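The block underneath contains the structure these notes are about, expressed in structure tokens.
No lab work stands behind these numbers, since they all come straight from the coordinates. Predicted model only: the values in this text are computed from it and were never measured. Here the Cβ is made from the backbone with ideal geometry for all residues, glycine too, and neighbour counts use every protein chain on show.
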Amino acid sequence: MRATRVLCLLLAAWFAGSGAWGGWAIDSESYGEAKLLEDGFESGDLRAWSSTTHSILDLPPYADQSEMAGLLWPYCDSSECPSPLHTHDGLDFTPNQNLAVFHAAAPGVVTNVDPYFNPGNGYWQVNVAVDYANDHTHGLNYAFEPMGDSTADRDAQLAEIDVVVGQTVALGDVIGRLVVVGAHAHLHFGLFEDWDQVCPEPFMSEAVRTELRDLIQSEPGHEDWEICN
């Protein structure tokens, strides 16, 4: 058990300092020691349990569907994605108004709140991570992308984030509001396991799965799209 604890702490320290994963570094100093799973309950067991017998995502990431214009891009990890993005490691939600509210789709602990300049599109975003398994390797990603390139846009978005690192959030607690600066402003939502971005659909309750599938297929031309492709 001691060896497992040391490994977890080393991984958390490396990840926090590496700047890896497109700005999704964990602030381990603010968060404290990595919390460990109970003895005899390995992460592989957790993955099987969460994907087959228990829904992690009991709410969609948005607080009010009436504030959503649609689910712009689905998750896709194949070469035959229905979107021009080819592979896409999350779900992009576009609002129909400024300051649409996004909340915790699962309870957990906030491990990251990070303004990040995305060199891929030239815009600022604010990344928020929520650890739902208390092990630093399973969590939810919220990337608030207002599509603005100035530090003023960055600061405006950061001011609309309601959580801080180390905070425990309950299901439905507000994470933040999306500032709309440019065209295609959106909230990129994803789920990671063992550091890897994975399709979130198996972790959704049936009600959430149905609502998000209806949302994405309501867009003209997207009638045959799935949440994950």
Q: Counting other beta carbons within 10 Å of each Cβ, put I227, I175 in order, fewest first.
A: I227, I175
**Q.** Highest to lowest packing among 208-217, 138-147, 99-108, scored as the average C-beta count within 10 Å
**A.** 138-147, 99-108, 208-217
Q. Taking neighbour Cβ counts within 10 Å as the exposure measure, how do L171, L158, L91 sort from fewest upward?
A. L171, L158, L91
